[in-house]
1. Does residue 387 satisfy being in contact (Cβ under 8 Å) with a residue 12 or more places away in the chain and part of a strand (DSSP E or B)?
2. Condition (residue is closer than 30 Å to residue 466 by Cβ, of a type outside the set (Asp, Glu) and surrounded by fewer than 15 Cβ atoms within 10 Å (Cβ to Cβ)) applied to the range 178-193: is it met by at least one residue?
3. Just to check your reading of the model, which residue among 353, 315 is aliphatic (A, V, I, L, M), more than 16 Å from residue 223 (Cα to Cα) and touching a Phe, Trp or Tyr at 6+ places or on another chain (Cβ under 8 Å)?
4. All but one of (1) more than 26 Å from residue 409 (Cα to Cα); (2) in a loop (DSSP other than H, G, I, E, B); (3) hydroxyl-bearing (Ser, Thr, Tyr); (4) touching a residue at least 60 places away in the same chain (Cβ under 8 Å) hold for residue 177; state the number of the condition that does not hold.
5. Quick one: would you say residue 477 is modelled with pLDDT of 95 or more, surrounded by fewer than 20 Cβ atoms within 10 Å (Cβ to Cβ), hydrophobic (A, V, I, L, M, F, W, C) and out of contact with any His (no Cβ under 6 Å at 6 or more places or on another chain)?
6. Working only within the range 343-362, note down all residues that are without any contact (Cβ under 8 Å) to a residue 40 or more places away in the chain and either farther than 20 Å from residue 225 by Cβ or buried (at least 20 other Cβ atoms within 10 Å of the Cβ) (or both).
7. Can you tell which of 349, 364, 370, 355 is hydrophobic (A, V, I, L, M, F, W, C) and more than 28 Å from residue 412 (Cα to Cα)?
8. Only residues in the range 232-248 that are within 11 Å of residue 350 (Cα to Cα) and among the hydroxyl-bearing types (Ser, Thr, Tyr) count as the first member; pair them with residues that are crowded, with 19+ Cβ neighbours inside 10 Å and modelled with pLDDT under 90, Cβ under 8 angstrom, at least 6 apart or cross-chain, and list the lot.
Amino acid sequence: MNAIRKIFPLLISGLILFCSCEEDGMDVRDVEVTEGYALSAGTSTIFINSSFAYDSPADWLSGTYEKRFNKGDKLYDDARSSSNGLGGGLGPVYAGYSCGSCHRNAGRTKPALWNDGGSGPYGFSSMLIYITRRNGAFFQNYGRVLHDQAIYGVKPEGKLSVEWHYEQFEFPDGEPYELCYPTYSISEWYADSIRPEDLFCTVRIPLRHVGMGQIMAIDTKEIEALAAKSNYPEYGISGRCNYIMERGVKSVGLSGNKAQHADLTVELGFSSDMGATNSRYPEEICEGQSQMTDGSMMGLLYDKLDVSTEDMENVDLYMQGLGVPARRNVNDPVVKRGEEMFYQAKCHLCHTVTLHTRPRGSTLLNGTQLTWLGSQTIHPYSDFLIHDMGSEIMGVGLNDNYVSGLARGNEWRTTPLWGVGLQKTVNGHTYFLHDGRARNFTEAILWHGGEGEASKNLFKKMPKEDREALLRFLESL
């Protein structure tokens, strides 16, 4: 399959022409690609528009690295089992049975929030449920994530239900639109029930795994420089870095909804999402739970680690070796007009178009260096800073009351937009934002508050044809 996926990029690779240009006063290596494409991620750009657009290898992969990529791809998609005789590691409680169960085709599986009204019935829900006390502390019997699935003989920690609320609005030109927001309730607690008034609950649907290698290779000094100058008082914008401590090292957070991680959290994903023990998280996630003190349950635990460091690094390599789909239809006059509207609405002040990677590229979790990702000019459409996105819209806004590193509940990392226009093709839906409340691009824009308020209002005031052109531009990314 990987060989088939690479045929089209090889055919079109002869169309790529390298040139040099000036951008914002800096020398920027750029690439001009004919026939309506624009390069997104340097040597990792691929020219695939199908359901495999997020799930195809970059062309620089070859030899041993390609073999390891394929092993990582298999581990990413394989359903784990606790009864395969090898201690496959699923559970005993879990959120998803494989990486690919939530990240279908390395994208965003359609969330059970919309399909099933909460926790899904088939062993995964395609979401993570974060719970805390009102004061931010964790519950002793649960931890930070509510695992709503479990293997046979064990109770899930609880089940989530969602109720959607709908409000009607109008653009200044009279065109109607609708926004909706969720309220959550949890039932079937495995231990003592937690009173709603004692609980904060926030839900995250999966992120797209587009450009993960480039994100890990970003020159963080450039991000810090953006934070230093990302102060536009006339638009109420002032982004900042989320500095986090991981493995005893202070770093600039780059990944996650709130830039709360400095790496791709492969070990954490295996542990918290699937319940698979590993070298960084050697204890079962159900360790100490009251239901596991029953002697009949102890046989579910294994003495050895469920996933090796080598395997995890192969998954890390898979994620960082994925290609980034090129922009499409860049010569379309409507798309060009939409790009002008993107700048006119000041979206680019947070969704930074161009960044650069470090000369040495990225480093995988076990120390392997990916130099192919170094010294690249990339176009992620993100500054990777955290911004206040507001609490005022319908009295709820995007404040989820969940603190991650320095990021408060109302602060979110600017979402990278590369590949966003292919989400419907890859995953069959257009649910956006951290919890999928936005059902399309328009709603995603209109949920912007706080530092995004000015851009949202500029978008709302545009004539309908300009609003539609901006949406066409987003579809081209």
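The values are calculated or read from the model by the stated rules, or taken from the named source; none is laboratory data. In this text, all values refer to a predicted model and were calculated from it rather than measured experimentally. We place every Cβ from the backbone using ideal geometry, glycine too, and count neighbours over all the protein chains shown.
1. Spelling it out, residue 387 is indeed in contact (Cβ under 8 Å) with a residue 12 or more places away in the chain and part of a strand (DSSP E or B).
2. Going through the range 178-193, the residues closer than 30 Å to residue 466 by Cβ turn out to be 178-181.
Retained after the next criterion (residues that are of a type outside the set (Asp, Glu)): 179-181.
Still in the running and surrounded by fewer than 15 Cβ atoms within 10 Å (Cβ to Cβ): 180.
Within the range 178-193, one or more residues are closer than 30 Å to residue 466 by Cβ, of a type outside the set (Asp, Glu) and surrounded by fewer than 15 Cβ atoms within 10 Å (Cβ to Cβ).
3. Only one candidate qualifies: 315.
4. All conditions pass for residue 177, except number (2).
5. On the way: modelled with pLDDT of 95 or more: yes; surrounded by fewer than 20 Cβ atoms within 10 Å (Cβ to Cβ): no; hydrophobic (A, V, I, L, M, F, W, C): yes; out of contact with any His (no Cβ under 6 Å at 6 or more places or on another chain): yes.
Against the criterion (modelled with pLDDT of 95 or more, surrounded by fewer than 20 Cβ atoms within 10 Å (Cβ to Cβ), hydrophobic (A, V, I, L, M, F, W, C) and out of contact with any His (no Cβ under 6 Å at 6 or more places or on another chain)), residue 477 does not qualify.
6. Passing the criteria: only 343.
7. 370
8. Correct list of pairs: 238/230.
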